[in-house]
Every structure is written in structure tokens, then in C-alpha cells.
Amino acid sequence: MTDITGSSVVIIEAAEFFQQLGYNVYVGYVKLGEPMAALLQKSGIHSFEIREMVDPGDFDIIWCQHMTFGIIDLESYVGRPLPAKIIFTHLSPFVPLELPTYSLEKAIASAILCNSEETRDSIVRIQGK
């Protein structure tokens, strides 16, 4: 997260929404730079660099954007329910980073959100329903 892009705005708006609901919000990133670092700080949103697996037991809700679910420690929860609600978001039918692992998402998601019918239809078509 460096430049102000549509996906960065979605992350900040979602984080601010969950803050308003009373949650402590943490945004995990692979790369953080200006101006996004300043915007997170200004909003009082905690951020951390993702360097290792994240335990879903540490969170109430996990908002997965850009396939970040790959860093969530799912293996330790095989055969038992995940403690966190997991929300997957997809913001484009064209960007490879937005393409889902739909069978995994269907198995563990509390919700799968798409920004448009076009995105939803593309994801369903790619995954063969």
C-alpha cells in the first residue's frame, strides 16, 4: 500500500467502518509507503508488515483483499471451525491479483463481496460455478 488507489481506498474505508463499530483495526501489508502510511496513521489504524502466517484466532474479523488469505494459518484449523469471520473481497474481473481460489473461499468465507455484477460474473465464470 503506497499510492492512493481504488483498492487502498476500500481498505481505509472498511477499516474506518470497523473502527466506528468499536473494533481495534489492524491492516496487514506487504509494502507500506507514503501517502498511505500517513492516511492510516491519521485515521488511527494500526498497521503491520506481514512476514509470517497470521493466526485467525487473533482476530474477530479478517478482511481479505488481493489474495491475502494465503498468509492465514488455516492448516491448524483443519476439522474445526475458524474462530474469525473471513470476508473476501474482489474489486476487478481483470486484474490477476483479484482472481479467487473460489473453492477455498466457499469453504471458509463468512462473506464474499464483489464490487460489481461484472466482477461477480467473471469470478463465477472463471471458477466454473
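Since every read-out is calculated from the coordinates, none of them should be taken as a lab result. Computed from a predicted structure; not experimentally measured. FYI the Cβ positions are ideal-geometry reconstructions off the backbone, even for glycines, and counts take in every protein chain you see.
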Karplus ³J(HN,Hα) for the range 104-109 (6.51 cos²θ - 1.76 cosθ + 1.60, θ = phi - 60°; Hz, whole; x = Gly/Pro) runs 5, 4, 4, 6, 10, 6
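Take peptides 8-14, 31-37 and line them up by average Cβ neighbours within 10 Å, highest first, as a rough protection proxy. It would help to have the intermediate numbers written out before the result.
Values: 8-14: 16.6, 31-37: 13.3.
Per-residue Cβ counts within 10 Å, averaged per peptide and sorted highest first, yield 8-14, 31-37.
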Among the aspartates and glutamates, which fall within straight-line cross-link reach of Lys106, defined as a Cα-Cα distance under 20 Å, with same-chain neighbours fewer than 8 residues apart omitted? Asp55, Asp60, Asp73, Glu75, Glu98, Glu117, Glu118, Asp121
Label of the coordinate-derived value, Cα extents along the principal axes in Å, listed as [x] 42, 34, 28; [y] 58, 27, 23; [z] 43, 40, 32: [x]
Pull up all non-local amide H partners of Lys85: gap of 5 or more, or a different chain, and H-to-H distance under 5 Å with H placed in the peptide plane. Ile61, Ile62
